[in-house]
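This report concerns only the one structure given below.
Taken together, the values in this text are just the output of simple stated rules run on the coordinates, not laboratory data. Since we're looking at a predicted model, the values are computed, not measured. Cβ placement follows ideal geometry from the backbone for every residue including glycine, while neighbour counts extend to all protein chains displayed.
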């Protein structure tokens with residue numbers, strides 16, 4: 001069972017990379033993204049102020065390929081370089097839940113968020129994003145991985 005929490009998010013500057021990625025290639029893509037983005041942030045003299053995140057927009061109905069924006073939150077956006085660019089996570093109302101366990105088993109967390117959205121008669125306010133609190137390179141046991149899922153929402157039309 002997932003606990004759903006309402007929050008008012010504050011717009012957060014980020015530095016990101018984007019890509020069209022097949023489901024099986026996501027782990028390798030994210031590993032490269034976080035390393036590259038963090039290096040660019042350091043070279044620019046900026047500072048990371050939170051956990052890595054990723055926003056996923058499905059490109060097909062079977063969820064086999066995604067348009068992904070992934071990166072790190074920063075105090076203030078700095079000029080991008082190459083594939084790294086400035087972006088932001090939106091502010092406003094959102095619902096949030098925490099998933100503990102492997103990434104492949106997050107579907108029930110998304111179902112809980114979608115049920116809340118339906119019950120409250122609101123609409124998603126853009127794509128959800130995932131915030132990764134556990135680094136799989138430091139904690140190899142997927143049963144302990146913690147991921148926060150944030151779904152912005154707006155009143156129904």
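Rounded to the nearest angstrom and ordered from largest down, what semi-axes does the equivalent ellipsoid of the chain get from its C-alpha gyration tensor (root of 5λ)?
Values: eigenvalues 125, 71, 47 Å².
After scaling each eigenvalue by five and taking roots: 25, 19, 15 Å.
Return 2, 153 ranked ascending by Cβ neighbour count within 10 Å, so the fewest neighbours appear first. Please list the in-between numbers first.
Working: 2 17, 153 20.
Sorted ascending by nearby Cβ count, the order is 2, 153.
Determine the shape class of segment 60-142: with a ≥ b ≥ c the square roots of the Cα gyration tensor eigenvalues, call it rounded for a/c under 1.5, and otherwise prolate if a/b is greater than b/c, oblate otherwise. Could the numbers behind the result be given before it?
Values: a/c = 1.72, a/b = 1.22, b/c = 1.40.
Oblate is the answer for segment 60-142, as a/c is 1.5 or above yet b/c matches or exceeds a/b.
Which of 87, 39 has the fewest other C-beta atoms within 10 Å, and how do the rest follow up to the most?
39, 87
Pull out a ≥ b ≥ c, the square roots of the eigenvalues of the alpha-carbon gyration tensor of segment 86-134, then state rounded if a/c is under 1.5, prolate if not and a/b is larger than b/c, and oblate in the remaining case. Intermediate results must be reported in sequence, preceding the final value.
Values: a/c = 2.40, a/b = 1.08, b/c = 2.21.
In terms of gyration-tensor shape, oblate.
Can you compute the modelled spin-label distance between residue 20 and residue 137, with each label point 7 Å from Cα toward Cβ, in nm?
Distance between the two pseudo-spin positions: 2.9 nm.
Treating only the Cα positions of segment 1-47 as identical point scatterers, give the base-10 log of I(q)/I(0) from the Debye formula at each q in 0.21, 0.33 Å⁻¹.
Here the Debye-derived log intensity ratios amount to -0.85, -1.18.
Rounded to the nearest 0.05, what FRET efficiency do residue 83 and residue 5 have when you use their Cβ-Cβ distance and R0 = 41 Å?
Details: r = 34 Å, r/R0 = 0.82.
My answer for the efficiency is 0.75.
If you line up the long axis of helix 26-43 against the longest principal axis of the chain, both from Cα atoms, how many degrees apart are they, to the nearest 10?
With rounding to tens, the tilt is 50 degrees.
Cut-off 10 angstrom, C-alpha nodes, Gaussian network model of the chain. Which of 12, 51, 120 fluctuates the most?
120
Any idea what angle helix 107-119 forms with the longest principal axis of the chain, computed on alpha-carbon atoms, 0 to 90 degrees, nearest 10?
Tilt relative to the chain: about 60 degrees.
Using a 10 Å cut-off around each Cβ, can you sort 81, 99 from fewest to most neighbouring Cβ atoms?
On the way: 81 13, 99 20.
Ranking 81, 99 by Cβ neighbours within 10 Å, fewest first, gives 81, 99.
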